[in-house]
Each structure stands twice: as structure tokens, then as C-alpha cells.
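Please read the structure below before turning to the comments.
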Amino acid sequence: MIHQYDEPVYLISIVAKILDIHPQTLRQYERENLVTPSRSNGRIRLYSQRDIDRIKLILRLTRELGVNLAGVDIILRLKINVDEMESEIADLRHQVQKAKNSHSVSPDKALVTKRSVYEMIIFED
């Protein structure tokens, strides 16, 4: 059975076994708001593949790069901001390309450029 990337299906014990970490480590990451697993009706933590990938990143940052959990939090927030900005840039590029292709604006006026204009003023005595 194949699950969606964001579908919460893994129990904490399974995730701990997959990642070779103690379940208490996962609980600590949740207390630090580094990962937010879904909850079943019985309040059981359920992790998605996206959660597992995020935990892998956290483990890499802490184990391999020596980043503390406060630093991990900052890095993850910055990563979200960068991802959002990259998405916005891609959307804007798409809109510019769409406007260029539609020729609703003449191609020579599709992009605004700044030009410097120098004027010379001569004063006579």
C-alpha cells in the first residue's frame, strides 16, 4: 500500500526504529516545535513521510553539523522563508513570461529599464 507524502501513518515506535533514535527524542523535538505530528482520535502521534524527512534533516544538523536545537529552529524557519520566496519568484517569472508571450504589451515596453540622463548646464558670467 502506497501512502501520500503528507499522510500521517507511522507510529512513534516505527519512526524511532526507522531513524534509530529513542522515542523520547521525537517527543523532545515535538516539545521544541521542530516537528508537529498529527494525532489520532485516541491522541496517538502519527507521523507522515514529510515529518520523517524533516526529522532526518534535524538529525543531520545536530549530529553532523553540531547545531543545537535553537539553531535548528532558526534554520528550519529560514528554510521555510527561502522556499516561499523561491516559489514566489517562480510565479513572478511565469507571469512575466506569460505577459511577454501574450503581447498584450509591446515587447519593447514589457520590462521597465532605468536610464541615466545627464544634462549639461553652462553658466555664463
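The values are calculated or read from the model by the stated rules, or taken from the named source; none is laboratory data. Only a predicted model underlies this, so the values are computations on that prediction, with no experimental measurement involved. As a convention, Cβ positions derive from the backbone with ideal geometry for all residues, glycine included, and neighbour counts pool all protein chains shown.
Residue 71 meets all of the listed conditions (1) at pLDDT 95 or above; (2) of a type outside the set (Ser, Thr, Tyr); (3) surrounded by fewer than 12 Cβ atoms within 10 Å (Cβ to Cβ); (4) more than 17 Å from residue 20 (Cβ to Cβ) but one, namely (3). Within the stretch 47-68, the residues that satisfy the criterion of being without any contact (Cβ under 8 Å) to a residue 40 or more places away in the chain and either assigned to a loop (DSSP other than H, G, I, E, B) or touching a helix residue (DSSP H, G or I) at 6+ places or on another chain (Cβ under 9 Å) (or both) are 47, 54, 56, 57, 58, 61, 62, 65, 66, 67, 68. Residue pairs, Cβ under 6 Å, 6 or more apart or interchain, first in the stretch 17-46 and within 25 Å of residue 74 (Cβ to Cβ) and of a type in the set (Val, Ile, Thr), second surrounded by 12 or more Cβ atoms within 10 Å (Cβ to Cβ) and at pLDDT 95 or above. List them. From the stretch 17-46, the pairs are 35/29; 35/51; 35/54; 35/55. For the structure I just gave you, tell me whether residue 11 is in contact with a strand residue (DSSP E or B) (Cβ under 8 Å, 6 or more places away or on another chain), at negative phi and at pLDDT 95 or above. In short, yes.
Of all the residues in the stretch 22-51, those that are surrounded by fewer than 17 Cβ atoms within 10 Å (Cβ to Cβ) and on the phi < 0 side of the Ramachandran plot number 18. Look at residue 37 and say whether it is closer than 19 Å to residue 7 by Cα and either modelled with pLDDT under 95 or touching a strand residue (DSSP E or B) at 6+ places or on another chain (Cβ under 8 Å) (or both). Against the criterion (closer than 19 Å to residue 7 by Cα and either modelled with pLDDT under 95 or touching a strand residue (DSSP E or B) at 6+ places or on another chain (Cβ under 8 Å) (or both)), residue 37 qualifies. Before we move on, is residue 98 under 19 Å from the mean Cα position of the chain (by Cα) and not in a loop (DSSP other than H, G, I, E, B)? Considered against the rule, which asks whether it is under 19 Å from the mean Cα position of the chain (by Cα) and not in a loop (DSSP other than H, G, I, E, B), residue 98 comes out as no.
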